[in-house]
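Contents: one structure, followed by commentary.
The values are calculated or read from the model by the stated rules, or taken from the named source; none is laboratory data. Since the structure is predicted, the reported quantities are computational estimates derived from the model, not experimental observations. In this analysis, Cβ positions are derived from the backbone assuming ideal geometry, glycine residues included, and neighbour counts consider all displayed protein chains.
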């Protein structure tokens, strides 16, 4: 396992979910955790539960001092705010505040993937960051959907 890569998976955020929605989430997260844990430490819903996501991510970054952070959804939104950190993000919510005072290091070392539902965030992201990709045919892009790209980016250090 490479502790220079940390994975922060999406937390479960549905209000009043059905049993089917809960089961689908648990199964998807379990598969993702298994795949990602071969590359580096993985933090999922159980780890994030009851924690402020930003504080949790900062704590783990200080502890592990990773070269790369890979984060999805709410975790990606929080990780976007980190400075001096290489990041691969999946569907972060991008605000205008996130686009202010972006360093050149962040511009060159922050990569994001977006699905169709997050196309507005993709457009905002591209105003400050050059490395973004939109998959307009997907309404629920998962980490495993772009796993090959992520492995290649981490291995080569390039987009």
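What do you reckon, is residue 23 over 14 Å from the mean Cα position of the chain (by Cα), in a loop (DSSP other than H, G, I, E, B) and surrounded by fewer than 16 Cβ atoms within 10 Å (Cβ to Cβ)? Considered against the rule, which asks whether it is over 14 Å from the mean Cα position of the chain (by Cα), in a loop (DSSP other than H, G, I, E, B) and surrounded by fewer than 16 Cβ atoms within 10 Å (Cβ to Cβ), residue 23 comes out as no. Close Cβ contacts (under 6 Å, 6 or more residues apart or on different chains) running from residues in the range 120-132 that are free of Cβ contacts under 8 Å to residues at least 12 places away in the same chain to residues that are surrounded by 21 or more Cβ atoms within 10 Å (Cβ to Cβ) and assigned to a loop (DSSP other than H, G, I, E, B) are absent.
Residues in the range 80-107 that are surrounded by 13 or more Cβ atoms within 10 Å (Cβ to Cβ) and either touching a helix residue (DSSP H, G or I) at 6+ places or on another chain (Cβ under 6 Å) or closer than 16 Å to residue 133 by Cβ (or both): 80, 86, 87, 88, 89, 90, 91, 92, 93, 94.
Residue 58: at pLDDT 90 or above and surrounded by fewer than 21 Cβ atoms within 10 Å (Cβ to Cβ), yes or no?
Numbers: at pLDDT 90 or above: yes; surrounded by fewer than 21 Cβ atoms within 10 Å (Cβ to Cβ): yes.
Yes, satisfied.
Test residue 127 against the criterion of being surrounded by fewer than 18 Cβ atoms within 10 Å (Cβ to Cβ), modelled with pLDDT of 95 or more and under 16 Å from residue 9 (Cα atoms), and give yes or no. No; evaluated as a whole, the condition is false for this residue. For residue 122, the conditions (1) buried (at least 18 other Cβ atoms within 10 Å of the Cβ); (2) within 19 Å of residue 68 (Cβ to Cβ) all hold with the exception of (2). Kindly indicate whether any position in the range 48-60 is in a loop (DSSP other than H, G, I, E, B), under 23 Å from residue 159 (Cβ atoms) and in contact with a helix residue (DSSP H, G or I) (Cβ under 8 Å, 6 or more places away or on another chain). There is no residue in the range 48-60 that is in a loop (DSSP other than H, G, I, E, B), under 23 Å from residue 159 (Cβ atoms) and in contact with a helix residue (DSSP H, G or I) (Cβ under 8 Å, 6 or more places away or on another chain). May I ask you to verify whether residue 146 is touching a helix residue (DSSP H, G or I) at 6+ places or on another chain (Cβ under 9 Å), in contact (Cβ under 8 Å) with a residue 40 or more places away in the chain and surrounded by 15 or more Cβ atoms within 10 Å (Cβ to Cβ)? No: the conditions fail for residue 146.
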